[in-house]
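Have a look at the structure below before the remarks.
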Amino acid sequence: QVQLVESGGGLVQPGGSLRLSCAASVSIFRIFTMGWYRQAPGKQRELVARISSGGITSYEDSVKGRFTISRDNARKTVYLQMNSLKPEDTAVYYCNRDPAWSDYWGQGTQVTDSS
């Protein structure tokens, strides 16, 4: 059984910042590539950032240079630092493995542009 609990979302002005956290209850968290996904209204869920077990990161083009993914294996937590937020970043953000565990999506955390 895997549980993923996202937190840290909120209402933010364009250009603002947020830091999302995801706590994972999985015994061998450190071996998995983890990702942050988002789903905007009316759109499919997309992977926006990923981090390998060795700390190698990659990003979807629209967030490159603005978002930073990191992980703390001791705390079994993955983070997403989001800077210079844009209205099009409004979405529910989820963490999961990459590739995702289809049965273990968390509740997500809402990020909303306040403009």
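The values are calculated or read from the model by the stated rules, or taken from the named source; none is laboratory data. Everything numeric in this text was worked out from a predicted model, so none of it was measured. Virtual Cβ from ideal backbone geometry, glycine too; neighbours counted across all protein chains shown. These accessible areas exclude ligands, DNA and RNA; they are computed on the full protein's heavy atoms, side chains included. Shrake-Rupley method; radii C 1.70, N 1.55, O 1.52, S 1.80 Å.
In debye, nearest 20, what is the charge dipole magnitude of the chain about its Cα centre with +1 on Lys and Arg Cβ and -1 on Asp and Glu Cβ, if you could check?
280
With a 1.4 Å probe and all protein chains left in place, how much of the accessible area of the chain comes from carbon and sulfur atoms, in whole percent?
Values: 2800 of 5990 Å².
Summing carbon and sulfur atoms, their accessible area is 47 percent of the total for the chain.
Quick check for you: with a 1.4 Å probe and neighbouring chains kept, what is the accessible area per residue of the stretch 1-107, in Å²?
Working: 5650 Å² over 107 residues.
Per-residue value: 53 Å².
What list of ³J(HN,Hα) values in whole Hz, one per residue of the stretch 22-36 in order, does the Karplus curve 6.51 cos²θ - 1.76 cosθ + 1.60 (θ = phi - 60°) give from phi, with Gly and Pro shown as x?
Karplus-based 3J(HN,Hα) across the stretch 22-36 equals 9, 9, 10, 9, 9, 5, 10, 3, 5, 8, 8, 6, 10, x, 9 Hz.
Going by amide H atoms built from the backbone, whose H comes under 5 Å of the H on R45, apart from near neighbours?
none
Along the charge dipole of the chain, which of V78, T90, Y104 sits closest to the positive end, that is, farthest toward it, with unit charges on the beta carbon of Lys, Arg, Asp and Glu (+1, +1, -1, -1)?
V78
With viscosity set to 0.692 mPa s at 37 °C, what whole-number translational diffusion coefficient in µm²/s follows for the stretch 57-100 from Stokes-Einstein and a Kirkwood radius over Cα pairs? Numbers along the way, then the final one.
Values: Rh = 11.8 Å.
It diffuses with D of about 277 µm²/s by this estimate.
Quick check: with the 1.4 Å probe, what order do L85, L47 take by accessible area, largest first?
Result, largest first: L47, L85.
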